[in-house]
1. Collect the residues in segment A:41-96 that are of a type outside the set (A, V, I, L, M), modelled with pLDDT of 85 or more and closer than 30 Å to A:GLU11 by Cβ, keeping them in residue-number order.
2. Taking the residues in segment A:116-150 that are assigned to a strand (DSSP E or B) and small (Gly, Ala, Ser) as candidates, determine which candidate is farthest from the other protein chains (Cβ to nearest Cβ).
3. Of all residues being in contact (Cβ under 8 Å) with a residue 40 or more places away in the chain and more than 20 Å from A:GLU129 (Cα to Cα) in segment B:139-154, which is surrounded by the most Cβ atoms within 10 Å (Cβ to Cβ)? Just the residue, please.
4. Here are some conditions: (1) in contact with a His (Cβ under 9 Å, 6 or more places away or on another chain); (2) open to solvent by less than 50 Å² (accessible area, probe 1.4 Å); (3) over 25 Å from A:THR121 (Cα atoms). B:ALA54 meets all but one. Which one does it not meet?
5. Identify all residues within segment B:105-120 that are open to solvent by 20 Å² or more (accessible area, probe 1.4 Å) and in contact with a strand residue (DSSP E or B) (Cβ under 9 Å, 6 or more places away or on another chain); write none if there are none.
6. Residues in segment B:81-104 that are among the aromatic types (Phe, Trp, Tyr) and either open to solvent by less than 20 Å² (accessible area, probe 1.4 Å) or in contact with a Cys (Cβ under 6 Å, 6 or more places away or on another chain) (or both): how many?
7. Identify the single condition in (1) more than 21 Å from B:ARG138 (Cβ to Cβ); (2) away from chain A (no Cβ under 14 Å); (3) buried (at least 20 other Cβ atoms within 10 Å of the Cβ); (4) not charged (D, E, K, R) that B:ILE71 does not satisfy, given that it satisfies every other one.
Amino acid sequence: MSTCQYLERVERWFDGEITASQEIEEHLAGCTECTRRLEDLKALRTAIESTKARVEISDAQFPSFMQRIEDEIEPPRRRHVGLWALASALAAALVVAWSLISIVAPGPEPLQAVTIEEASTEIEGATTESVYVNEETTMVWINLPDGDML
Amino acid sequence: MTAVSLTLFAISLVAAGDEVPGTPLQVSVVAVQAKNEGRASKYFGPGLERVRRAVSGLDYDSFYKVRSADIPVPYGEEAKIYIDGQYTLYVTPLSVVEDGRIRIKARITMKLKGKTVKALDTTLTMKPGSHLNLGGLRLSSGELIVVISVKSGGS
């Protein structure tokens, strides 16, 4: 881990980002850490320059070169904007339709005042029926067979 | 065995959400003789004020009271209401169901050729203050309409 506060400035000076100054030169003369770092950087640069090869691309190769680059570029994901818009519109339509149905549609049928669960008779030939008379009255009516039963 | 049956009955009522109040149900009965006498307008005899609306829509022009009764009937018990020499009404309050409606059982027995038969037997739920008409049974003149209404005890 570096401890010298001049180290960053020395690296920047080596990269050409800042111009040399008397202050840096004087510091390098007296700082072992910065001197060693500078030597490492010089060695690294020398090594890189010795390995790099210059590749020439002819005009004839250029179109296929560019094509291969384009082929390797991942196409951007297709954004399903249309699908989301359709889904949103559909959801909105459903909400509106449900609201309209709630407003327009009649509610559950009001319960009659009297609800007949069952009615029967033991009189032979007779039948029973439930008759709505008015909102307050329901009648169970027995239809007797013709003739005198008594 | 009876105790077990009653317990199961009570459990079934509770499971169904029904309630069996401790106070008796007030049962009101008006038995009406309905007939056609060729009147220009409908005639209602004395004592029919309470049931006039319940019977006025029927296809008769004259209505006479045969008998009326106003009695408290405990839930689960059967009340016997004598109508005339031929017909007898029995009413059993069963429970209070949703919306305060009363579930009751009503039957009319009649004497027929020396035997007593169930002329009409029905189970129903009714709103307190509403009317149940039991009709179509013959009298010596006209037909019998029994109007039943109920209201919760103490109300």
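1. A:LYS42, A:ARG45, A:THR46, listed by residue number.
2. A:SER130
3. B:VAL150
4. (3) is the only condition that B:ALA54 fails.
5. Answer for segment B:105-120, where residues must be open to solvent by 20 Å² or more (accessible area, probe 1.4 Å) and in contact with a strand residue (DSSP E or B) (Cβ under 9 Å, 6 or more places away or on another chain): B:LYS105, B:ARG107, B:LYS111, B:LEU112, B:THR116, B:VAL117, B:LYS118.
6. 1
7. It is condition (3) that B:ILE71 fails.
One line per residue, one yes/no per condition, for (1) in contact (Cβ under 8 Å) with a residue 60 or more places away in the chain; (2) aliphatic (A, V, I, L, M); (3) farther than 12 Å from B:LYS151 by Cα; (4) facing chain A (nearest Cβ under 9 Å):
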position	(1), (2), (3), (4)
B:GLY100	no, no, no, no
B:GLY114	no, no, yes, no
B:LEU120	no, yes, yes, yes
B:LEU124	no, yes, yes, yes
B:SER130	no, no, no, yes
B:LEU137	no, yes, yes, yes
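The values are calculated or read from the model by the stated rules, or taken from the named source; none is laboratory data. Model, not experiment: these values are computed from the prediction. Glycine gets a Cβ as well: all are built from the backbone with ideal geometry, and neighbour counts include every protein chain shown. To get the accessible areas, we keep the full protein, side chains included, count just its heavy atoms, and leave off ligands, DNA and RNA. Shrake-Rupley method; radii C 1.70, N 1.55, O 1.52, S 1.80 Å.
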